[in-house]
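A short reminder: the numbers here are calculations on the coordinates, not readings from a lab. Keep in mind that what you see is a predicted model, and the values were worked out from it rather than measured. Note: ideal-geometry Cβ built from the backbone for every residue, glycine included; neighbour counts use all protein chains shown.
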Amino acid sequence: MFVWYPFFLGPSILILLPAIALAVYAQWRVRSTYARYARIPSVSRISAEGAAKRILEASGITDVSIEETPRPLGDQYDPRTKTLRLSAPSSPSIAAIGVAAHEAGHAIQHAQGFAALALRTAIVPLANFGSQLAFPLFFIGIIFGFKPLLTAGILLFSAAVLFTLVTLPVEFDASRRAVAALRGTGVVNEEELGGVKEVLFAAALTYVAAAAMAALQLLMLLSASRRR
């Protein structure tokens with residue numbers, strides 16, 4: 001969630017440096033970890049799609065469809081259409097299975113009414129709206145010295161920050177469910193489960209980095225507004 005900032009924010013921009021460093025590290029970590037375990041097939045040779053189906057069936061979920069997405073690492077579960085999208089559905093690699101299990105974990109959350117997922121889904125429209133308008137309103141408020149616009153920008157961006165914070169328990173819980181489900185279904189053995197955990201931990205870092213970036217951006221806006 002990094003955007004370009006005009007020069008008039010001054011030293012407030014320095015607040016973002018730790019989050020930028022974490023974001024760069026998280027992206028490197030997730031890509032390198034996934035690439036390493038994408039080359040290692042599971043002993044069971046079960047595909048990522050097959051693993052997801054096993055997990056869903058074991059949880060009594062039969063109304064979720066699985067389809068392929070062309071986006072690299074674009075795996076996701078869409079609660080609106082109950083669709084699980086996998087970037088490598090036919091791969092039997094530890095990396096692909098781990099990611100598929102994680103997305104299946106989101107489907108289980110949805111089916112069981114996991115509160116944090118419901119909250120995140122509910123605030124998506126407000127978070128998108130806020131992230132698009134917050135900075136333009138804030139910058140216009142600074143240029144013209146109009147405090148209500150500064151306040152509106154901060155309040156709107158707060159919705160985007162809330163979204164990133166709510167995302168953390170949702171993602172952590174999905175990974176926890178994924179590990180438990182893979183162990184319970186026997187798709188991977190204990191040694192391979194260690195690789196799955198590494199992949200999921202690396203992915204979790206990207207969400208932590210996004211939350212840190214959003215929170216520090218909000219702090220930057222608050223700091224700049226006080227100086228104005």
Thr81/Arg226 FRET efficiency (R0 25 Å; Cβ-Cβ; nearest 0.05): 0.05
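Grab the Cα-Cα distance for Arg183 and Arg31, subtract it from 0.36 nm times how many residues apart they are, and report the gain in nm with one decimal. Mind dumping the intermediate values first?
Working: separation 152, 0.36 × 152 = 54.72 nm, distance 2.44 nm.
In short, 52.3 nm is gained.
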For the chain, calculated [θ]222 nm from helices alone, where every DSSP H run of n ≥ 4 adds -39500 (n - 2.57): -25000 deg cm²/dmol
Euclidean distance of C-alpha centroids, the stretch 194-221 and the stretch 157-184, integer Å: 11
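Any idea what diffusion coefficient the chain gets from Stokes-Einstein, in µm²/s, Kirkwood Rh on alpha carbon pairs, 37 °C, 0.692 mPa s? Let's see the in-between values first.
Details: Rh = 18.9 Å.
Result for D is 174 µm²/s.
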Dipole of the chain, positive direction: furthest Cα of Ala180, Thr81, Tyr25, with charges on the beta-carbon: Tyr25
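What number, in percent, do you get for the relative contact order of the stretch 13-227 if the mean sequence gap of Cα pairs under 8 Å and at least 6 apart is divided by its residue count?
Details: 318 pairs, mean separation 61.2, N = 215.
So the answer I get is 28 percent.
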5 angstrom amide H check on Ile66, placed H, neighbours 5+ away: Leu84
Kyte-Doolittle mean at least 1.6 and Cα axial length at least 24 Å: DSSP H helices in the chain: 115-144
Cleavage-rule hits, chymotrypsin sites (Phe, Trp or Tyr not before Pro), the stretch 145-228, DSSP coil, Cβ neighbours within 10 Å at most 12: none
Full-extension gain in nm, Phe172 to Glu190, via 0.36 nm per residue minus C-alpha separation: 4.5 nm
Inter-label distance, nm, simple model (7 Å from Cα along the C-beta direction), Phe146/Thr62: 5.8
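Can you tell me what share of the DSSP beta bridges in the chain is antiparallel? A percent to the nearest 5 is fine.
Working: 4 of 8 bridges.
Beta bridges within the chain, antiparallel portion: roughly 50 percent.
Relative to the present Cα-Cα distance, how much length would full extension add between Phe129 and Phe201 at 0.36 nm per residue of separation?
Values: separation 72, 0.36 × 72 = 25.92 nm, distance 2.97 nm.
Residue separation times 0.36 nm, minus the Cα-Cα distance, leaves 22.9 nm.
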About the Cα centre, charge dipole magnitude for the chain (Lys/Arg +1, Asp/Glu -1 at Cβ), debye: 680
In order through the stretch 40-47: 3J(HN,Hα) via Karplus (6.51 cos²θ - 1.76 cosθ + 1.60), integer Hz, x for Gly, Pro: 10, x, 6, 4, 5, 6, 6, 6
